[in-house]
Amino acid sequence: MQAFINARLFTVSGPVIDQGTLLEKDGRIIAVGRNLPVPETASTVDLAGKTLMPGLVEAHCHLGIFDFWQAEAGAKTGSSSLGEAVTPALDYYYALNPHSPGLKRARQTGVTTLLTGPGSGKVVGGLSVVTRTYGTDREQIVLRRPAGVKMAFGENPKHFGKQGQMPATRMGVAALLRSALVAARNYLAKQVSDDPGKRPPHDAELEIMARVLKRELRARIHAHRADDIMSILRIVDEFNIDITLEHATEAYKVAGEIARRRIPCVTGPSYGSRDKVELRDETFANPGILERAGIQVAITTDASIVAIDYLRHEAILAHREGMSAAGALGAITLTAAEIIGVADRVGSLDVGKDADLLVLNGDPLEFTSRVERVYGAGRLIYHRETHREEWDQ
Amino acid sequence: MLALLNATIWPAAGPKLERGTVIIDGRQIVAVGHDPEIPANALRLDCRGRHIIPGLIDGGSRLGIHEDGNGPIGHDEDEIGSNEAPYLRAADAFWPEDLAVTDAYRAGVTTVLVEPGNQNTIGGLAAMVKTYGSHVDDLVISHEAALKVSLTGQIGRSYSDFRERPEDIARLRARLEQFSRSPKEEAADTRDLGREVWSRVLRRELPLLVHVYREFDIANALQLAAEWGLRLILEDAPEAHLAADILAEAGVPVVVGPLMVPRFGERKWLSLRTPAVLAQKGVEFAITTGHPTIPIRYLLTQPATAVGEGLDEEVALRSVTLAPARIFGVSDRIGSLEPGKDADLVVLSGPPFAATSYVTAVYINGACIYEQKQSPIGERSWGGA
């Protein structure tokens with residue numbers, strides 16, 4: 001048992017507690033508050049002058065799978081009966097490497113949970129996974145699998161056109177998704193046919209799309225422009241699927257439409273260049289506008305588009321352009337955990353949750369605050385004073 | 001004439017002044033101090049609670065030549081296929097209407113180095129450019145701030161497609177050899193643009209701006225510069241902290257950055273502690289975004305983060321004001337709040353590195369070109385259920 005005492009506790013789920021105490025046992029948080037009695041058996045960690053908050057949660061990245069490369073690279077291969085650009089059954093769990101430098105960097109910079117998965121090179125790319133960033137056993141570190149089906153609208157999937165395949169246009173992108181959903185609906189209808197001879201053979205791709213139709217699996221749909229978002233919303237209305245908007249760069253232009261359908265947005269990465277035409281109207285004001293419209297908002301680095309180190313910096317930049325401090329902090333902790341479906345385990349300092357803890361030397365929303373320690377399930381996994389960079393060894 | 005009164009002033013050329021005054025006349029600063037005499041005809045602006053800093057300078061960008069939001073058609077920084085073109089001039093590609101130019105001055109960035117990219121061994125001439133004015137020539141302070149070259153063998157967009165480093169070194173050595181022996185005066189019918197540039201480099205009229213990654217790239221550049229007596233500036237330099245001693249000894253300045261980017265490949269060993277190490281060793285340095293790698297509007301985020309890693313605040317501010325102005329030879333005009341300098345300054349709602357500070361006004365050449373009257377910062381309470 002450990003007692004973290006005298007810290008400024010940012011619980012995220014409740015008010016900030018000055019001079020607070022957090023008790024950890026067997027990797028879980030067992031008490032949080034002010035003036036808590038500390039059991040004699042507990043080893044105490046005095047965090048006077050420090051901030052203690054939940055480990056950060058990255059709701060959209062590619063670490064552990066494609067650590068440092070363009071996300072699209074990994075999602076261009078494979079094909080299925082639904083087409084070259086529609087491969088729902090590719091499970092990126094099988095590409096997750098617990099020993100990857102990307103996960104290591106994440107835990108050293110305070111990110112203890114992340115959703116990782118396929119890129120945006122296909123209309124339907126495959127299955128994502130939510131993992132801890134610490135631990136070496138893949139079975140142990142994964143918190144949720146599958147954690148949604150990655151899909152993509154806009155510029156990225158159109159590259160198939162260059163190889164003479166569909167999609168070459170935004171029309172083609174929407175048509176492929178519609179067709180896949182219709183195929184899955186037909187598949188489900190045939191499964192309940194009275195004539196066993198008409199029941200379809202097992203189809204791995206359609207099984208996944210059927211789970212999307214049944215709202216058992218979330219579609220996580222990459223989109224930048226407002227017109228792409230509206231195309232997605234038409235499909236949502238038509239098929240009643242459960243989705244998130246990933247990047248959601250121009251979501252602020254259609255915030256009312258998104259809010260009305262209660263669709264969460266994972267915004268960003270905006271600490272990066274606007275090279276692409278569809279990023280032209282990108283702004284860090286987006287998350288704040290969405291927040292005020294009542295939308296659930298997470299903030300992402302899309303690591304390693306932006307380095308995972310700067311997830312907290314992106315939250316600061318969103319706050320500087322209008323998002324509330326509480327909303328910005330939630331966007332990289334509890335709200336992010338909710339959107340990726342692991343809020344029962346991580347994202348806030350609440351009794352029963354994993355003791356994934358981040359110690360900073362100041363306010364979480366200051367650029368000048370730095371990561372001092374990181375704990376994963378109560379175990380110290382990074383300590384600034386003993387950590388040596390590779391060049392420093 | 002305009003007097004900005006009662007602000008906390010960060011002159012960059014000296015220590016911070018509490019409750020100070022800056023007086024602007026026309027395009028220039030005429031006084032900075034605690035209690036300068038304020039001429040009767042001066043308009044007085046009370047800046048109580050505000051902080052005033054020099055206009056920010058990014059010493060290493062592709063602003064305006066790698067356009068935002070226009071896709072590949074707007075990428076004008078690398079003259080691919082012409083690996084050796086010293087006479088290319090970045091100012092010829094600078095587009096003042098790039099979205100990011102507006103972003104820049106709204107964020108208080110009033111001057112930038114605009115340079116060719118890293119892909120050619122000999123990339124061309126970098127320019128110092130202000131971010132607000134009527135047309136390109138109104139903006140350019142220096143068409144020939146430095147000759148940009150690369151020692152990193154970089155080519156193409158992919159990290160698997162490199163030239164070998166010795167090839168870059170050999171090419172540079174060949175040119176230095178060739179032109180160090182060429183005549184000082186050109187005959188009327190043998191003018192050569194490339195030779196003109198190299199001659200100026202060899203005469204120390206034009207600094208050589210060298211893109212480096214690794215510690216040994218730095219050593220290579222220092223060796224070349226020492227052999228030919230060149231004025232040298234290093235840029236990017238993610239391993240500058242490892243070469244701080246030799247940089248200090250050689251008295252060579254470094255424009256470090258982008259720093260807040262993923263650590264892999266040639267940048268595997270970059271560190272946010274680099275600026276503090278360079279400061280401690282006495283190396284002159286600026287911090288750059290490498291825009292568009294990090295968007296220019298976030299210029300202050302890197303020095304602010306470096307402050308968290310031990311860098312002194314005033315040194316951090318100098319790294320994006322006076323230091324780049326000195327490094328590129330324009331500190332007679334910009335970079336600090338001193339009488340006689342261009343009135344390029346930024347009024348902030350609070351200290352420059354606080355997350356809750358925002359730009360309230362930007363002046364370029366004495367004109368207020370941007371004002372923000374309402375705070376853009378979100379609700380500050382931490383809420384909680």
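The values are calculated or read from the model by the stated rules, or taken from the named source; none is laboratory data. Since we're looking at a predicted model, the values are computed, not measured. All Cβ positions, even for glycine, are placed from backbone atoms using ideal geometry, and neighbour counts span all protein chains on display.
The residues listed here are B:V362, B:V330, B:V315; of these, the one that is of a type in the set (A, V, I, L, M), surrounded by 24 or more Cβ atoms within 10 Å (Cβ to Cβ) and either under 17 Å from the mean Cα position of the chain (by Cα) or at pLDDT 95 or above (or both) is B:V362. A residue that is within 16 Å of B:G59 (Cα to Cα) and in a helix (DSSP H, G or I) occurs nowhere in region B:267-274.
Can A:R292 be described as within 13 Å of chain B (Cβ to nearest Cβ), surrounded by fewer than 20 Cβ atoms within 10 Å (Cβ to Cβ) and under 30 Å from B:G64 (Cβ atoms)? Answer is no for this residue. Whether any residue in region B:25-39 is hydrophobic (A, V, I, L, M, F, W, C) and free of Cβ contacts under 8 Å to residues at least 24 places away in the same chain is what I want to check. No, there is no match, as no residue in region B:25-39 is hydrophobic (A, V, I, L, M, F, W, C) and free of Cβ contacts under 8 Å to residues at least 24 places away in the same chain. For region A:100-112, filtering for residues that are modelled with pLDDT under 95 and part of a loop (DSSP other than H, G, I, E, B) leaves 1. Picking from B:F353, B:F285, which residue would you name as being among the aromatic types (F, W, Y), surrounded by 24 or more Cβ atoms within 10 Å (Cβ to Cβ) and either modelled with pLDDT of 95 or more or touching a His at 6+ places or on another chain (Cβ under 9 Å) (or both)? None of the other options fit; the residue is B:F285. The residue pairs whose first member lies in region A:300-328 and is touching a residue at least 60 places away in the same chain (Cβ under 8 Å) and facing another protein chain (nearest Cβ under 7 Å), whose second member is among the small types (G, A, S) and assigned to a helix (DSSP H, G or I), and whose beta carbons are closer than 8 Å, counting only pairs six or more residues apart or on different chains, are A:S304/A:G102. From the list A:K214, A:K198, A:K150, A:K158, the one residue that fits, being within 27 Å of A:A259 (Cβ to Cβ), surrounded by fewer than 24 Cβ atoms within 10 Å (Cβ to Cβ) and not small (G, A, S), is A:K214.
If I ask for residues that are under 16 Å from A:R373 (Cβ atoms) and either in a loop (DSSP other than H, G, I, E, B) or of a type in the set (D, E, K, R) (or both), which ones from region A:28-53 would you list? A:D46, A:L47, A:A48, A:G49, A:K50, listed by residue number.
Taken across region A:180-203, residues that are under 24 Å from A:A226 (Cβ atoms) and out of contact with any His (no Cβ under 8 Å at 6 or more places or on another chain) do occur, with at least one present.
Restricting A:K253, A:K276 to residues that are facing chain B (nearest Cβ under 7 Å) and farther than 21 Å from B:T301 by Cβ narrows the list to A:K276.
Scanning region A:28-39 for residues that are closer than 15 Å to A:D354 by Cα and either within 14 Å of another protein chain (Cβ to nearest Cβ) or of a type in the set (K, R) (or both) yields A:R28, A:V32. For A:I221, the conditions (1) modelled with pLDDT under 95; (2) of a type outside the set (K, R); (3) in a strand (DSSP E or B) are fulfilled apart from (1).
In region A:4-27, the qualifying residues are those that are in contact with an Asp or Glu (Cβ under 6 Å, 6 or more places away or on another chain) and within 14 Å of another protein chain (Cβ to nearest Cβ), and the one that is nearest to A:A328 (Cα to Cα) is A:S13. Within region A:68-94, being farther than 21 Å from A:M209 by Cα and either of a type in the set (S, T, N, Q) or modelled with pLDDT of 80 or more (or both) holds for one residue alone: A:Q70. Test B:I57 against the stated conditions and say whether it is buried (at least 24 other Cβ atoms within 10 Å of the Cβ), more than 22 Å from B:P376 (Cβ to Cβ) and touching a strand residue (DSSP E or B) at 6+ places or on another chain (Cβ under 9 Å). Considered against the rule, which asks whether it is buried (at least 24 other Cβ atoms within 10 Å of the Cβ), more than 22 Å from B:P376 (Cβ to Cβ) and touching a strand residue (DSSP E or B) at 6+ places or on another chain (Cβ under 9 Å), B:I57 comes out as yes.
Within region A:173-193, does at least one residue satisfy the condition of being buried (at least 16 other Cβ atoms within 10 Å of the Cβ) and not in a helix (DSSP H, G or I)? Looking for residues that are buried (at least 16 other Cβ atoms within 10 Å of the Cβ) and not in a helix (DSSP H, G or I), one finds none in region A:173-193, hence no.
From the list B:E177, B:E167, B:E235, B:E249, the one residue that fits, being in a helix (DSSP H, G or I), touching a residue at least 40 places away in the same chain (Cβ under 8 Å) and out of contact with any Lys or Arg (no Cβ under 7 Å at 6 or more places or on another chain), is B:E167. All conditions in (1) surrounded by fewer than 24 Cβ atoms within 10 Å (Cβ to Cβ); (2) modelled with pLDDT under 95 hold for B:L270, with the sole exception of (1). Scanning region B:275-314 for residues that are more than 16 Å from A:F367 (Cβ to Cβ) and either within 11 Å of chain A (Cβ to nearest Cβ) or aliphatic (A, V, I, L, M) (or both) returns B:V277, B:L278, B:A279, B:V283, B:A286, B:G290, B:H291, B:P292, B:T293, B:I296.
The residues on offer are B:E205, B:E239, B:E249, and the sole one that is within 21 Å of the chain's Cα centre (by Cα), more than 12 Å from chain A (Cβ to nearest Cβ) and not aliphatic (A, V, I, L, M) is B:E205.
Go through region A:348-358 and report how many residues are buried (at least 18 other Cβ atoms within 10 Å of the Cβ) and either of a type in the set (F, W, Y) or within 14 Å of another protein chain (Cβ to nearest Cβ) (or both). Adding up the residues that qualify gives 2.
Of the residues that sit in region A:359-384 and are free of Cβ contacts under 8 Å to residues at least 60 places away in the same chain and either among the β-branched types (V, I, T) or within 13 Å of chain B (Cβ to nearest Cβ) (or both), which one is surrounded by the most Cβ atoms within 10 Å (Cβ to Cβ)? Among them, the one singled out is A:F367. Of the residues A:L90, A:L115, A:L143, A:L96, the single one that is away from chain B (no Cβ under 14 Å), in contact (Cβ under 8 Å) with a residue 24 or more places away in the chain and over 28 Å from A:S348 (Cβ atoms) is A:L90. Could you check, for region A:127-148, whether at least one of its residues is within 21 Å of A:V306 (Cα to Cα), touching a His at 6+ places or on another chain (Cβ under 8 Å) and modelled with pLDDT of 95 or more? Taking every residue of region A:127-148 in turn, none turns out to be within 21 Å of A:V306 (Cα to Cα), touching a His at 6+ places or on another chain (Cβ under 8 Å) and modelled with pLDDT of 95 or more. Residue count for region B:1-32 under the criterion of being under 22 Å from B:T110 (Cβ atoms) and assigned to a strand (DSSP E or B): the result is 19. Taking region B:33-47 as the range and being surrounded by 14 or more Cβ atoms within 10 Å (Cβ to Cβ) and part of a loop (DSSP other than H, G, I, E, B) as the test, the residues that pass are B:P36, B:I38, B:A42, B:C47.
Of note, B:P376 does not satisfy the criterion of being crowded, with 20+ Cβ neighbours inside 10 Å and within 14 Å of chain A (Cβ to nearest Cβ). So, B:A355, is that one touching a helix residue (DSSP H, G or I) at 6+ places or on another chain (Cβ under 6 Å), closer than 18 Å to B:Y298 by Cα and among the small types (G, A, S) or not? Taking the combined requirement at face value, the residue satisfies it.
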